[in-house]
1. Got a sec? How would Thr191, Thr12 order by Cβ neighbour count within 10 Å, fewest to most?
2. Counting other Cβ atoms within 10 Å of each Cβ, which GluC sites (Glu not before Pro) in the stretch 31-105 have at most 14 and sit in a DSSP loop?
3. Quick one: dipole size for the chain, taken about the Cα centre, charges +1 on Lys/Arg Cβ and -1 on Asp/Glu Cβ, in debye to the nearest 20.
4. Go through the stretch 209-226 residue by residue and turn each phi into a ³J(HN,Hα) via Karplus (6.51, -1.76, 1.60, θ = phi - 60°); whole Hz please, and just put x for glycine and proline.
5. Which of Ala43, Ala17, Cys69 sits farthest toward the positive end of the charge dipole of the chain, with +1 on the Cβ of Lys and Arg and -1 on the Cβ of Asp and Glu?
6. About the Cα centre of the stretch 78-180, how large is the charge dipole given +1 on each Lys and Arg Cβ and -1 on each Asp and Glu Cβ? Please answer in debye to the nearest 20.
7. What is the distance in Å between the Cα centres of the stretch 1-52 and the stretch 70-90?
8. Would you please give the FRET efficiency between Ala190 and Gln122, computed as 1/(1 + (r/R0)^6) with r the Cβ-Cβ distance and R0 = 25 Å, to the nearest 0.05?
Amino acid sequence: MGLMDNKFVIVTGAASARGLGKATAQLFAEQGATVAILDLDAAAAEAAAADLGEGHRGLACDVTDKAACEAAARDLEGEWGRIDVLVNNAGITQPLKFMEIAPENYEAVLDVNLRGTLYMSQAVVPGMRARKYGSIVNLSSVSAQRGGGIFGGPHYSAAKAGVLGLTKAMARELAPDNVRVNAICPGFIATDITAGKLTPEMHEQILADIPMGRAGAASDVAGCALFLGSDLSAYCTGTEVDVNGGSLIH
């Protein structure tokens, strides 16, 4: 028996081999879920889905395109009959200083992280509401809580703080229909997004600020997503869960 037996799950931005999305998709699949991996690149999404085993789906979807989100949701609901869980993982970051943020930087980072979370959620909510069941897990960041300082620029902090506000407002509005919405705030996690971007000195400084003394792993975030996606968290909505090794204890 798995925690996610007979459940149908979408994870966005999950084709990257060492990313949070792929680790999350993997854990949901191991717990019995049927998973759809959505990513910009159809071939990469299909390959990642094949890695999970038989019966999982890989689809191309640009989360900043509302019509594409709706089409993906329609496709999957047509095949599966329902979508139980959405993990809004798709995101990008840029290590820019405040005065370096150009209009195209703002648009890129806000669009993927925040607008994408909105559009993909809007695509699955009608079905969840109709069935009076659903869980949406949004990926925010410690950067939203502490005002950056690790890797992403201020526009990334703003986008991820926006995700927290959106999460809470969605949770409040959707709660009467038993659709739960929660956010995860990862701290410093060793993934492709940060690989090779930090000097050894920066790395040491970051670890010095983490009580547990290590970077997080993608599996640490996946475990939290599984909890929030499953019925173990049936009475949790509008929460933000810190996954940061204690680096934001206050």
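Readers should treat all values here as calculations from the given coordinates under stated rules, not as data from a laboratory. Because the structure is predicted, anything quoted here is derived from the model rather than measured. Quick reminder, even Gly has a Cβ in these numbers, built from the backbone with ideal geometry, and neighbours come from all protein chains shown.
1. So the residues, fewest neighbours to most, are Thr191, Thr12.
2. When the GluC sites (Glu not before Pro) of the stretch 31-105 are filtered for loop state and at most 14 Cβ neighbours within 10 Å, Glu54 remain.
3. Dipole about the Cα centre, nearest 20: 640 debye.
4. For the stretch 209-226, the Karplus-derived couplings read 8, 10, x, 6, x, 9, 6, x, 10, 4, 5, 5, 6, 4, x, 5, 4, 4 Hz, x marking Gly and Pro.
5. It is Cys69.
6. Dipole about the Cα centre, nearest 20: 440 debye.
7. That distance is 12 Å.
8. Details: r = 32 Å, r/R0 = 1.30.
E between Ala190 and Gln122, to the nearest 0.05, is 0.15.
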